[in-house]
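Accompanying notes for the structure given below.
The values are calculated or read from the model by the stated rules, or taken from the named source; none is laboratory data. What you see is a predicted model, and the numbers here were worked out from it, not measured in a lab. Virtual Cβ from ideal backbone geometry, glycine too; neighbours counted across all protein chains shown. Side chains are part of the model used for accessible areas, which takes the heavy atoms of the whole protein and leaves out ligands, DNA and RNA. Shrake-Rupley method; radii C 1.70, N 1.55, O 1.52, S 1.80 Å.
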Amino acid sequence: MAESVLACDTCGLSQRVEDLSPGTSAECIRCGDTTLALTLAALVLYVPANIYPILKMNLYGTYSENTVWDGVVNLIQYNEYFVAAIVFLASIVIPLMKLLGLLFLVASVKWGRGRRLRGRTHISKFIDAIGPWAMLDVFLLAILVALVKLGDLGHVIPGPGLIAFTCVVVLTMLASQSFDTKVIWNRP
């Protein structure tokens, strides 16, 4: 059988591939399951990122530990409903929707047998549309600025949730970047 050299559209790796039958596609050996691995890792870390405290503060003798959810609850207590809704959506709901959507797309492409192609495309477009609203990176930057600025007023320690939160941010960005939307339309 004849071979040809193909380059992966995602990572650029050149590979020797046997000539493909009409209607089939080749899968890159380097990034075939990268999106799945990154998405699963982000989903696993999503739980500790939202359960464990992001910051531990001792300001003027008052000690507190704060999670993302605590921030939402505090905003509601101060009647900042709109800001609380934005923080809740941008930091908790939308990242979870994005990760679950990516997981669904990867699983349906891998094991879906070519059904509901338009539905997959709508999900992919939805993930792209909500991507800018998943402001985890902005939220993380705000936390890090608070760590630096509040250091003069008291003792601020990053909590275990901050590491998980940072990993979720990075893994979600990498998972989104590694998914090739063209594979949605490949039929086995």
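May I ask you to order 72-85, 165-178 by the average number of other C-beta atoms within 10 Å around their residues, highest value first?
165-178, 72-85
Rounded to a whole number, what % of the accessible area of segment 56-100 do carbon and sulfur atoms account for, probe 1.4 Å?
With neighbouring chains kept in place, the figure for segment 56-100 is 66 percent.
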